[in-house]
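K.L.:
My structure is below; once you've seen it, I'll send some questions.
The values are calculated or read from the model by the stated rules, or taken from the named source; none is laboratory data. Because the structure is a prediction, the values reported are computed rather than measured. Virtual Cβ from ideal backbone geometry, glycine too; neighbours counted across all protein chains shown.
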Amino acid sequence: MIQTANLKIGFIGWNPFQLLHVKKVIEALPGSCFILEQRADYLDEFDNSLLTNPSVPVLVWPRATIDALDGIFDIIVCQVPFSKIQNFTKSRIAMMQYGYAKEVHNYGAWRSFSSLSLAYGDYAARKLSHFGPALPVGNSRYDDWASTEFHESAKRDHFSGLDPSRKTILYAPTWGDLSSIEEFSGAVFDLSEKYNVVLKMHHNTALLESGRVGKISNPKIKYFGANADLMELLSIADLAISDYSGAIFDALFAQKPVVLLDMDLTKVMGKKIDVHSLEYEQRDAIGMRVSRPDMLLDTVDAAFEQEAQLIAKAAPLRKDLFNDSPGATQRIVQALQDLGTGLHEPSQIQSYVRSEIIELYKAKAKITSLTKKIETLEAAAKYAANANAKVSAKTSVMKPAAAAKKIRKI
């Protein structure tokens, strides 16, 4: 059993959102740090202020050797599966909920790796408890929401350039196939004729969708990238617009009216989203819906007019989703310390499931490795075949003088 003061806890992630998400907890846990799993050139996407904050030490570690950290830390805290997670046998793995959207992934079998799941509220804790111990501790990022200084600071940092006589709209689209950018961004930009419009780019759009970044740059709006804190932007916003992003639920917590952009999900249903996903199943409880870009302005106007009714309608869902009592950061710290000292063991059945998931991930890793080797060999064989064909073609073509000489011999 490890003494609480000697616990070594690493919070792992690979993008700015994940660092911002655990920042307050690291600050409250002396000796802990953020492990930046180095992928491609994603390090360049981090603001320097995030990487040089003395209260939040950052350890940059190559993705290929991430499992070398097993045993160096007593607890590894992740938000999503990290590279070679199946190889960790000495460090205990805890998981912090990072959002409510996309339940197909959020409550997938990978959760079985966790010795403890830290959930926003009762709803998530119920679902996560199938895979292992889960506690409805709340979200540390919400701790500042009741602070006057937080809101004053957000206004100082982000409201400049906006018209104080107008209401402010925050547009926070998701990424990938569920994003509304192509279909609705033009209509969102047009709202700037009547409202202040602020756009928060999804962190994965910044890292993985360079082609989309240009589509959401517009002089009519105020633009924020992956390093901006969504809660600070919600602080200056009067209404939120989104599609199927987890930002919907941050707005729900902040008790802002929400306008939801409906899209055709025929091709993506069952992949990232399904009929059980909150952003689909509870859509009418979350906010006001619109399915046509030309109806967006009227829907936004109506949402402002019915603001109190929309917030009241969402209240029962909000209560189930969030433990909003003060002190989420300290509850998370206590839960991790308890885990480090031997509390929170998986049940018999949960441990069996975890063993199977570990073997499955190891098998998938071997298959991936073999597939890459086969692809390399196939590429080498194709190159050699093409090279041989070129050589054969050159040697089979007889020069005119040689051909004439051969004919004379005949």
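K.L.:
Mind listing just one residue for me: the one in segment 211-237 that is under 14 Å from residue 251 (Cβ atoms) and in contact with a strand residue (DSSP E or B) (Cβ under 8 Å, 6 or more places away or on another chain) and, of those, surrounded by the fewest Cβ atoms within 10 Å (Cβ to Cβ)?
P.N.:
236
K.L.:
For segment 51-65, give me the residue count where each residue is within 29 Å of residue 334 (Cα to Cα), in contact with a strand residue (DSSP E or B) (Cβ under 8 Å, 6 or more places away or on another chain) and not β-branched (Val, Ile, Thr).
P.N.:
Result for segment 51-65: 4.
K.L.:
Between a residue in segment 70-93 that is in contact (Cβ under 8 Å) with a residue 12 or more places away in the chain and any residue that is surrounded by fewer than 18 Cβ atoms within 10 Å (Cβ to Cβ) and among the acidic types (Asp, Glu), which pairs come within a Cβ distance under 6 Å, given they are 6 or more apart or on different chains?
P.N.:
These pairs meet every condition: 84/67; 87/67; 88/70; 90/70; 91/70.
K.L.:
Taking the condition of being surrounded by fewer than 17 Cβ atoms within 10 Å (Cβ to Cβ) and among the hydroxyl-bearing types (Ser, Thr, Tyr), how many residues in segment 193-210 meet it?
P.N.:
1
K.L.:
Quick one: would you say residue 192 is among the polar types (S, T, N, Q), part of a helix (DSSP H, G or I) and at pLDDT 95 or above?
P.N.:
In short, yes.
K.L.:
What tally of residues in segment 320-350 results from selecting those that are surrounded by 14 or more Cβ atoms within 10 Å (Cβ to Cβ), modelled with pLDDT of 95 or more, not charged (D, E, K, R) and not in a helix (DSSP H, G or I)?
P.N.:
3
K.L.:
Also, I was wondering about something else. Would you pick out the residues in segment 28-75 that are assigned to a helix (DSSP H, G or I) and more than 15 Å from residue 87 (Cβ to Cβ)?
P.N.:
28, 42, 43, 44, 45, 48, 49, 50, 51 - these are the residues of segment 28-75 that are assigned to a helix (DSSP H, G or I) and more than 15 Å from residue 87 (Cβ to Cβ).
K.L.:
Okay, next question. Scan segment 262-307 for residues that are modelled with pLDDT under 95, among the β-branched types (Val, Ile, Thr) and buried (at least 19 other Cβ atoms within 10 Å of the Cβ) and report the count.
P.N.:
1
K.L.:
Looking at residue 263, is it of a type outside the set (Ser, Thr, Tyr) and either more than 22 Å from residue 103 (Cβ to Cβ) or in the same structural domain as residue 47 (by TED's automatic domain parsing) (or both)?
P.N.:
In short, no.
K.L.:
Determine, yes or no, whether residue 129 is touching a residue at least 24 places away in the same chain (Cβ under 8 Å), over 22 Å from residue 25 (Cα atoms) and out of contact with any strand residue (DSSP E or B) (no Cβ under 6 Å at 6 or more places or on another chain).
P.N.:
So residue 129 does not fit the description; no.
K.L.:
Then there is this: Against the condition assigned to a strand (DSSP E or B), assigned by TED's automatic domain parsing to the domain that holds residue 247 and touching a residue at least 24 places away in the same chain (Cβ under 8 Å), how does residue 162 come out, does it pass?
P.N.:
On the way: assigned to a strand (DSSP E or B): no; assigned by TED's automatic domain parsing to the domain that holds residue 247: yes; touching a residue at least 24 places away in the same chain (Cβ under 8 Å): yes.
Spelling it out, it is not the case that residue 162 is assigned to a strand (DSSP E or B), assigned by TED's automatic domain parsing to the domain that holds residue 247 and touching a residue at least 24 places away in the same chain (Cβ under 8 Å).
K.L.:
Got a number for residues in segment 131-175 being of a type in the set (S, T, N, Q) and closer than 30 Å to residue 347 by Cα?
P.N.:
Residues in segment 131-175 being of a type in the set (S, T, N, Q) and closer than 30 Å to residue 347 by Cα: 2 in total.
K.L.:
Of (1) more than 18 Å from the chain's Cα centre (by Cα); (2) in a loop (DSSP other than H, G, I, E, B); (3) among the hydroxyl-bearing types (Ser, Thr, Tyr), residue 280 satisfies all except one. Which?
P.N.:
(2)
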